[in-house]
Amino acid sequence: MPAGVYLHIPFCKSRCSYCDFATDVWRSGDAVERYVSALCAEVLSHELGVRRKSLHAPDSGLQTPDSIYFGGGTPSLLTPPQVEKILNALTSVFSVANDAEVTMEMNPATVTPETLAAYRELGINRASFGVQTFNDRDLKLLARGHNADDARNTFKMLRDAGFENISFDLIAGLPGQTLEDWSRNLEEAIAMQPEHISLYLLEIHEGTPLADQIRTERRPLPDDELAAEMYEVMLDRLAAAGYEQYEISNFSKPGFASRHNTKYWLLEPVYGFGVSAHSFDGRERYANERDTAKYVSTIENGESPENYREKINAASEFVFLGLRLERGIDLAEYRKRFGSDLVEMYNDDIQRSAEAGLVSLSAESLRLTRKGMLYSNEVFEVFI
Ligand code: SF4
């Protein structure tokens with residue numbers, strides 16, 4: 001089973017008001033260069049055996065990854081030579097598949113036609129584009145650091161540079177966002193015809209400026225029922241526009257489902273490098289240090305940045321991750337992997353969920369219904 005490789009680039013031009021990711025404000029010069037060198041050293045350390053304990057080779061799939069994902073943060077702030085240095089480190093250690101899906105998260109107004117052409121030249125063949133909304137008022141609320149025209153212009157630049165696989169990220173359920181605002185967003189996104197669309201419902205994280213604004217009543221609390229309505233409108237509109245839903249929050253034109261993200265839902269190995277990067281090697285999940293300066297100094301001292309590790313309950317994760325997929329869980333695959341019959345084990349719960357219209361069971365699969373996708377957390381709880 002080929003693995004995926006995730007590379008975390010923690011820098012952003014500024015911090016969005018809702019963000020609780022491990023990010024640092026981007027500064028040109030030494031800090032980014034040192035980070036890139038540390039990241040490359042971490043990748044190369046696999047070859048040197050420093051973290052060999054993390055790998056259950058040869059069945060880990062890491063030797064022949066078929067997806068590479070630059071996530072962040074804002075990886076599109078890296079210069080092409082920095083991207084090249086990271087890719088060279090990867091290909092010097094691993095035999096990356098010739099047809100690998102190579103994704104880079106990009107934010108509007110962070111790239112130029114020249115950098116995009118250079119990324120394409122280096123083999124980046126998929127852009128995950130942080131549009132979020134086409135409404136300037138909402139972009140300001142989110143402190144996104146770009147406006148809607150920046151998103152439109154950058155999308156055009158991506159197409160002009162030859163990107164034929166572009167994914168839009170959109171956020172629904174913003175404070176003060178109406179159903180009409182959301183529908184306008186959707187219509188504009190559909191008119192631009194990206195190959196893939198991911199929907200995120202806004203989550204309010206304690207300690208972020210947005211959480212503070214809501215707590216002090218400077219912004220209204222997002223309305224959960226309205227967010228559910230937005231989700232339903234999205235299902236209908238995207239289906240009518242020819243997008244297939246392949247996961248609760250992900251939609252694509254036929255043949256454009258994300259290979260990398262699907263690995264997470266199928267519980268396949270994905271190895272993460274960089275600050276706060278998470279890995280799953282088929283048996284254990286582990287993660288790196290969350291602080292960028294500490295990550296860099298740890299690597300520079302020749303030590304492992306790993307600071308967390310757990311053995312997972314693979315059967316349980318296979319079920320609730322697999323249920324996120326539209327095709328659901330392959331019951332034969334479950335039997336093959338875990339040696340037991342899922343339907344027999346959870347018969348009462350599955351019947352109850354089916355009677356409530358949340359899941360649909362066939363001889364081959366167990367899947368969420370449309371209603372089940374809206375109340376997915378209630379279904380997942382059964383299997384945890
Ligand atoms: S661009 Fe993404 S990672 Fe960066 S601050 Fe905004 S939400 Fe966070």
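Applying both filters, DSSP loop and at most 11 other Cβ atoms within 10 Å, to the trypsin sites (Lys or Arg not before Pro) of the stretch 1-31 gives R27. Applying a 4.7 Å cutoff between beta carbons, the unpaired cysteines of the chain are C12, C40. Taking the number of Cβ atoms within 10 Å of each Cβ as an exposure proxy, the fewest-first ranking of Y264, Y295 is Y264, Y295.
Given R0 = 25 Å, the distance between the Cβ atoms of E326 and D212 translates into a calculated FRET efficiency of 0.10. Taking the Cα centre of the stretch 4-265 as reference, the dipole from Cβ charges on Lys and Arg (+1) and Asp and Glu (-1) amounts to some 780 debye. Estimate the FRET efficiency between Y346 and T64 by the formula 1/(1 + (r/R0)^6), using the beta-carbon distance for r and 51 Å for R0, to the nearest 0.05. Taking R0 as 51 Å, the efficiency between Y346 and T64 is 0.90. When the alpha-carbon atoms of the chain are used, the pair Rg, Dmax equals 21.1, 60 angstrom.
The H on the amide N of E247, modeled in the peptide plane, is under 5 Å from the matching H of E326, each at least 5 residues off or on a different chain. Counting neighbouring beta carbons within 10 Å and listing from fewest to most, the residues M230, M106, M373, M345 come out as M345, M373, M230, M106. Distant-in-sequence amide contacts of G272, defined by a placed amide H-H separation under 5 Å and a gap of 5 or more residues or a different chain, comprise Y6, S279, F280. Here is how the number arises for the chain: DSSP H runs of 4 or more residues each give -39500 (n - 2.57), the sum is divided by the residue count, and the result at 222 nm is -12000 deg cm²/dmol. Each of F380 and K336 was given a label point 7 Å from its Cα along the Cα-to-Cβ line. The distance between the two points is 2.6 nm. Run the reach check for K85 against lysines, Cα to Cα strictly under 25 Å, same-chain hits fewer than 8 apart removed. What comes back? Cα-Cα hits under 25 Å: K13, K294. Listed values for the stretch 259-275 are Karplus-derived 3J(HN,Hα) couplings in whole Hz (6.51 cos²θ - 1.76 cosθ + 1.60, θ = phi - 60°), namely 5, 5, 5, 4, 4, 5, 6, 9, 6, 9, x, 9, 9, x, 10, x, 4, and x replaces Gly and Pro. Per 5 Å bin, what is the whole-percent P(r) computed from every C-alpha pair distance within the stretch 148-271? In whole percents, the pair-distance histogram is 2, 10, 18, 18, 18, 16, 12, 6, 1, 0. For K311, a cut-off of 15 angstrom between C-alpha atoms picks up these aspartates and glutamates, skipping any fewer than 8 places away in its own chain: E268, D281, E284.
The V25 and H205 beta-carbon pair, evaluated with R₀ = 30 Å, returns a calculated FRET efficiency of approximately 0.95.
A straight Cα-to-Cα reach below 19 Å connects K156 with the aspartates and glutamates E105, E114, E121, D136, E164, D169, E187, E188, E195, residues fewer than 8 places away in its own chain not being considered. Working from label points 7 Å from Cα in the Cα-to-Cβ sense, the N301 to E121 distance is 4.0 nm.
Secondary structure note: in the chain, about 40% of the DSSP beta bridges are antiparallel. Between amide H atoms placed 1.01 Å from N, distances below 5 Å from H146 occur with no residue 5 or more places distant or on a separate chain. Per residue, how big is the convex hull around the C-alpha atoms of the stretch 325-383? Give it to me in cubic angstrom, could you? Dividing the Cα hull volume of the stretch 325-383 by its residue count gives 77 Å³. Over all other residues within a Cβ to Cβ distance under 14 Å of Y6, the charged ones net out to -2, with Lys and Arg as +1 and Asp and Glu as -1.
Each reported figure results from applying straightforward, stated rules to the coordinates on display, with no laboratory input. Note that this is a predicted model, so its numbers are computed, not measured. Virtual Cβ from ideal backbone geometry, glycine too; neighbours counted across all protein chains shown.
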